[in-house]
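K.L.:
Have a look at this one before I ask anything.
All of the numbers you see were taken from the coordinates with simple rules; none came from a lab. As the structure is a computational prediction, the values presented were derived from the model and not from experiment. Quick reminder, even Gly has a Cβ in these numbers, built from the backbone with ideal geometry, and neighbours come from all protein chains shown.
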């Protein structure tokens with residue numbers, strides 16, 4: 001009976017394709033073969049499981065990396081040039097480098113007292129002997145004009161005339177009182193009201209000349225407003241302003257002999273991108289009429305002041321229609 005059972009087990013095993021256990025066959029060789037096969041199958045199963053686990057881990061790690069720190073293009077750093085300027089907060093790029101701008105260099109005649117003062121937005125050639133500037137130069141850009149005209153710009157009523165203690169012979173505010181002359185800005189406040197510092201510095205007495213009050217409030221102001229608009233249109237202008245001195249100088253100030261009163265004033269304009277230049281001369285008195293009446297060449301200003309402007313500036317243009 002046992003033999004029949006073994007035969008049936010053998011047949012069943014062959015049909016199922018499996019090796020027989022040693023206790024069925026009762027053969028030591030078969031027993032050895034069985035145990036070896038069993039161990040081999042166990043090892044292969046273990047390896048298969050390990051490989052599957054490794055595969056899962058590697059796939060998971062890839063997915064995790066892609067999710068946690070995907071490779072993205074680094075966000076471009078914003079250049080100061082691209083920043084929108086804010087009223088009262090000035091990025092360096094809003095203000096042209098006045099001190100390094102060769103176009104703003106002005107030659108002063110030998111023997112004329114001169115001290116160069118570089119403020120944030122203006123360059124002053126100050127005359128310590130006459131206690132007024134020889135010339136005030138600055139670059140006026142469309143950005144500066146837009147900021148100066150924007151809501152929230154600096155209010156000139158918030159600023160007072162002041163002595164610049166760092167400049168030799170700079171007048172005090174009170175020295176103009178009772179003189180009959182205004183403290184006339186050479187670089188006007190309307191061009192500087194886009195920033196607190198530039199506004200404060202344009203109220204230094206180094207930027208002032210004794211100016212006829214009616215001229216200051218009337219036709220000279222009209223010219224300044226035109227310059228303001230032209231700078232916005234032409235993107236940038238080089239502006240030079242200063243006094244023209246006469247032989248018989250009138251003086252004001254302490255003991256009425258400290259501050260020279262100019263006979264006239266000049267304004268030189270140069271649009272580098274357009275290659276245009278023009279100049280204006282106004283006597284230091286009420287000057288009615290259209291600005292074309294006061295248009296002159298840059299060469300004329302050089303002749304009357306002794307100053308020399310950049311050779312890049314056209315010296316013989318004076319057509320107002322080219323600017324209007």
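K.L.:
May I ask for the equivalent-ellipsoid semi-axes of the range 232-273, computed as the square root of five times each C-alpha gyration tensor eigenvalue and listed largest first in whole Å? Don't skip to the answer; put the middle values down first.
P.N.:
Values: eigenvalues 219, 22, 6 Å².
Taking √(5λ) for each eigenvalue gives 33, 11, 5 Å, largest first.
K.L.:
Kirkwood hydrodynamic radius of the range 171-245 from all distinct Cα pairs, in Å?
P.N.:
13.4
K.L.:
Over the range 183-223, one equal point on each Cα, no solvent: what is log10 I(q)/I(0) by the Debye formula at q = 0.16, 0.28, 0.33, 0.34 Å⁻¹?
P.N.:
For the requested q values the scattering log ratios are -0.39, -0.96, -1.10, -1.12.
K.L.:
Defining a contact as two alpha carbons under 8 Å apart and six or more residues distant in sequence, what relative contact order in percent does the range 81-322 show? Walk me through the intermediate numbers first.
P.N.:
Details: 501 pairs, mean separation 47.3, N = 242.
Result for the range 81-322 is 20 percent.
K.L.:
Which order do 185, 219 fall in if you start with the one that has the fewest other Cβ atoms within 10 Å?
P.N.:
219, 185
K.L.:
Next question. Evaluate the range 143-190: find the radius of gyration of its Cα atoms, find its Kirkwood radius, and give the ratio Rg to Rh.
P.N.:
1.05
K.L.:
Ok, one more. How fast does the range 168-324 diffuse by Stokes-Einstein, in µm²/s, taking the Kirkwood radius from C-alpha pairs at 20 °C and 1.002 mPa s? Don't skip to the end; give the middle numbers.
P.N.:
Numbers: Rh = 16.4 Å.
Value of D from the Cα-based Kirkwood radius: 131 µm²/s.
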